[in-house]
Structure formats: C-alpha cells, structure tokens
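One structure is given below, encoded as structure tokens.
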Amino acid sequence: MTPVSLITHSVETTRALGGALAEILREGDLIILSGDLGAGKTALAQGIGAGLGVTEPMLSPTFTVVREYIGRLPLQHLDVYRLGHMQEVLDLGIDEVLDNGVTIVEWGDAALDALGDERLEITISLLPEGADSDRLLVFQIFGEAWSSRSDDLQMLVGALQ
C-alpha cells in the first residue's frame, strides 16, 4: 500500500484520529510512532487508548519505558527514546510484549530490527508553514496482518480529511 497522509489541526483531532484507529485494531497489533519531538506521538497514543476503552490517564512512558493499560484489548505503550542500544530493547522481553494485545512504540523506528515485520508505522511531523498545532501524519503498513486492513485504514483516514 502506498503511504496515506493526513493533516490534523489540533491535539484533539490527533486524539480523535487515534480513537478512530482503535476501531480497526486487533490482538497482536504493533504500531510504531516516530517523528519530531513534541509532534503528538503521545496524544495519538492517548486517543488509541481511549478508543480501546482505557479509562485511566495515559502518560508518556519516556522515563518508565513501558506502561500497561486495560481496555477492550490489553495495551502496552513503550517509549524507546532513552534506550541506548538494541540489546536494551531486547532485554525488555519485547517478544512477550508484542504477543499481548496492542503495542504502541514511540520512537520505534530506532528499534525496527527487534520489533518484527508486521506493523503500522505512523510518522508525525510538525508543519513549518502551518499553525503551531498543524501536524502531518503519514501511515505506512507492513506485513499481511495490516495489508488485509489497508482498505479500512484508507477509509478511516479519508473520513477524517
């Protein structure tokens, strides 16, 4: 599938996108979030959590590395920004984490070798020409599990444009 793009104009819209995305998520899904510092990776993750029925506040896992939440599906929210080596990602027991519910990995582009081939990558960029809250989100799917939902993803993004 060709990458799909969407511009959001507020944090609330980014969270709403995450909530809509949660509707097509399945057990074992991996979502990689990458992009500019402060671009909205955690806001998107919060929206996904809300869409999965997580009721507790979702905080950035920057200093704890992994946070777990209970919703329609279990949700693991990881941030590998502070990990210096691939071995540290492997030491987290990443294989077990990926098999349980939905896993969101912020800065996951730095750890792709440890994360596998089945994933949805979302790159979030600040738009220098836009307002402070304008973000460009680019969605790229990898693997059979996501390929089978490419139409769902395109419809979801199209509905929010």
| request: Name the residue, out of R67, R72, that is at pLDDT 90 or above, surrounded by fewer than 22 Cβ atoms within 10 Å (Cβ to Cβ) and either touching a helix residue (DSSP H, G or I) at 6+ places or on another chain (Cβ under 7 Å) or charged (D, E, K, R) (or both). | output: R72
| Scope segment 125-139; condition of a type in the set (S, T, N, Q) and either surrounded by fewer than 16 Cβ atoms within 10 Å (Cβ to Cβ) or farther than 23 Å from T13 by Cβ (or both); matching residues | S133
| said: Is it the case, given these coordinates, that G47 is exposed (fewer than 15 other Cβ atoms within 10 Å of the Cβ) and modelled with pLDDT of 95 or more? | reply: no
| request: Considering only segment 7-59, state which residues are touching an Asp or Glu at 6+ places or on another chain (Cβ under 6 Å) and in a helix (DSSP H, G or I). | output: K41
| Which residues, counting only those in segment 23-38, are surrounded by fewer than 22 Cβ atoms within 10 Å (Cβ to Cβ) and within 22 Å of S133 (Cβ to Cβ)? | S34, G35, D36, L37, G38
| Qualifying residues in segment 113-124 (those that are surrounded by fewer than 17 Cβ atoms within 10 Å (Cβ to Cβ) and either at negative phi or in a strand (DSSP E or B) (or both)) - the one modelled with the lowest pLDDT | D113
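The values are calculated or read from the model by the stated rules, or taken from the named source; none is laboratory data. Computed from a prediction, not measured in an experiment: that's the story for all the values here. With ideal geometry, Cβ positions are generated from the backbone for all residues, glycine too; neighbour counts draw on all protein chains shown.
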